[in-house]
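What follows is one structure encoded as structure tokens, with my remarks underneath.
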Amino acid sequence: MSSQTSNLQTKDANEISKGHKLSPVILRAYDIRGEVNVNLNTDDAFAIGMAFGTYIKRRNGQRVCVGYDGRVSSPEIADACIAGMVETGVSVENVGLGPTPMLYFSVKDRMADGGIMITGSHNPPTHNGFKLTLLSGPVFGEAVQELGEISANGDFERGEGSAEEYDITEKYIKRLLKDLDCARPLKVAWDPGNGAAGNVLQELVKHLPGEHFLINEKVDGTFPAHHPDPTVDKNLEQLRQVVLDRGCDIGIAYDGDADRIGVIDNNGDVIRGDTLLTIYARQILKENPGASIIGDIKCSQTFLDEIKRLGGKPVLWKTGHSLIKNKLSELAAPLAGELSGHIFFADKYYGFDDALYCSIRLMNAVSQTEKGITEFLTHLPRLHNTPEIRIEVDEERKFQI
């Protein structure tokens with residue numbers, strides 16, 4: 001570890017500490033997220049750091065891990081947020097640039113009291129935000145609103161904190177590899193979409209058997225190749241072409257912060273999140289017969305039928321990664337997921353959404369087959385449905401609607 005001091009100057013830290021009103025638009029159900037220099041700036045980040053540091057201390061916590069994605073604005077926002085937490089007397093470990101699940105892992109591995117990931121996830125390059133967690137689980141819903149109230153009222157704890165850098169990358173990669181169990185080498189195409197997983201992925205594939213073809217692996221917060229959202233099929237077109245050209249067994253894509261996975265099969269077809277869940281559930285239900293497998297409300301009837309056929313108990317729950325994590329914990333379920341590609345393993349892993357870990361588990365499953373991933377799918381009915389329909393509305397009206 002080495003000491004880190006932030007050179008970021010907010011307008012007036014003392015002024016912010018007397019009370020700082022955050023735009024209600026950025027206080028979301030599952031995280032804090034807005035448009036940089038429109039409704040989210042470094043003063044907001046400083047105030048959020050102070051509010052979260054206060055939240056942690058009032059729960060008898062002291063240590064917080066912080067990470068950030070590859071967006072142009074992320075390092076500066078991270079510095080401001082860390083500076084705010086230090087003002088409250090919290091000890092901060094900055095794990096630096098990487099995917100959101102690496103930050104979640106750092107909280108578990110370091111037994112920290114909380115964690116903040118600075119990320120805009122799959123949103124446009126001009127957006128950014130904060131994903132918040134405690135060691136015990138996500139911070140969401142009323143807790144996010146509580147942070148807003150602490151900030152607005154200037155109701156902050158004060159103290160002399162510290163900030164240090166801590167490189168967790170090697171330990172994270174070792175943990176991902178721990179559950180690798182490939183029966184045969186595979187040919188895999190990868191597209192992290194210039195997102196935050198790029199650096200980790202380049203190191204990870206060096207340890208994987210088979211042949212690996214990476215595209216858009218350089219971290220670039222402007223996302224020059226395509227938007228980092230694998231739920232939109234056009235964003236998978238480059239990956240699909242590599243799969244077909246190279247004769248790959250699978251293609252794997254990530255969103256901007258790599259907590260969501262997108263998959264292309266060996267024929268170049270997209271595997272939806274609910275179908276992917278049934279593939280993962282096969283081995284899990286062999287080892288945990290009768291277990292609950294959770295899907296979000298957007299999952300198809302095929303998901304429900306297939307989990308039953310495999311001897312599990314399908315559970316439909318509300319959409320939202322924080323809500324799914326909570327339900328996973330409540331039911332002590334070994335697996336959960338959303339149509340959007342958030343997948344949560346709690347059988348051998350920690351129960352948070354980690355697309356890199358999902359990749360390892362998918363490689364394990366596909367390596368057990370002779371014909372590839374399609375072997376899992378031939379008995380499933382072919383469904384005809386619309387893609388997810390997103391209606392653009394003004395942010396100020398969105399919650400009212």
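Observations
- Over 22 Å (Cα to Cα) - which of Lys206/Lys371; Lys234/Lys318; Lys286/Lys348 fall in this group: Lys206/Lys371; Lys234/Lys318
- Estimated D of region 51-117 in µm² per second, where Rh is the Kirkwood radius over Cα pairs and Stokes-Einstein applies at 37 °C, 0.692 mPa s: 280
- The share of accessible area on region 90-237 that comes from carbon and sulfur is 46 percent, using a 1.4 angstrom probe.
- Percent of Cα-Cα distances greater than 24 Å, calculated over region 95-220: 42
- Distance violations [Cα-Cα > 24 Å] among Lys187/Lys313; Lys18/Lys57; Lys57/Lys108; Lys131/Lys325: Lys187/Lys313
- Taking the square roots of five times each eigenvalue of the Cα gyration tensor of region 340-401, the equivalent ellipsoid has semi-axes of 33, 21, 9 Å, listed largest first.
- Inter-part distance, region 247-318 to region 60-115, computed on C-alpha centroids, equals 31 Å.
- Charge sum, other residues only, whose C-beta stays under 10 Å from His342's C-beta, Lys/Arg counted +1 and Asp/Glu -1: -4
- Other residues with beta-carbon under 11 Å from the beta-carbon of Phe213 carry, at +1 per Lys or Arg and -1 per Asp or Glu, a net charge of -2.
- Carbon-plus-sulfur accessible fraction, region 324-401 (probe radius 1.4 Å, protein heavy atoms only): 49%.
- Percentage, to the nearest whole number, of Cα pairs in region 1-146 over 28 Å apart: 8
- Angle in degrees between helix 355-367 and the longest Cα principal axis of the chain, rounded to the nearest 10: 10
- Annotation: per residue accessible area for region 231-361 equals 35 Å², rounded to a whole number [probe 1.4 Å, protein chains only].
- Over all other residues within a Cβ to Cβ distance under 10 Å of Asn153, the charged ones net out to 0, with Lys and Arg as +1 and Asp and Glu as -1.
- Helix 169-178 vs. the chain, principal-axis angle (Cα, 0 to 90°, nearest 10): 30
- Region 175-228 and region 336-390 have their alpha-carbon centroids 17 Å apart.
- Computed per residue of the chain from DSSP H runs no shorter than four, each worth -39500 (n - 2.57), the mean residue ellipticity at 222 nm is -10000 deg cm²/dmol.
- Viscosity 0.692 mPa s, 37 °C: Kirkwood-radius Stokes-Einstein D of the chain over Cα pairs, µm²/s: 153
The values are calculated or read from the model by the stated rules, or taken from the named source; none is laboratory data. Not measured: the values here are computed from a predicted model. Note that each Cβ is placed from the backbone with ideal geometry, even for glycine, and that neighbours are counted across all protein chains shown. Please note that ligands, DNA and RNA were not included when accessible areas were found on the heavy atoms of the full protein model with its side chains. Shrake-Rupley method; radii C 1.70, N 1.55, O 1.52, S 1.80 Å.
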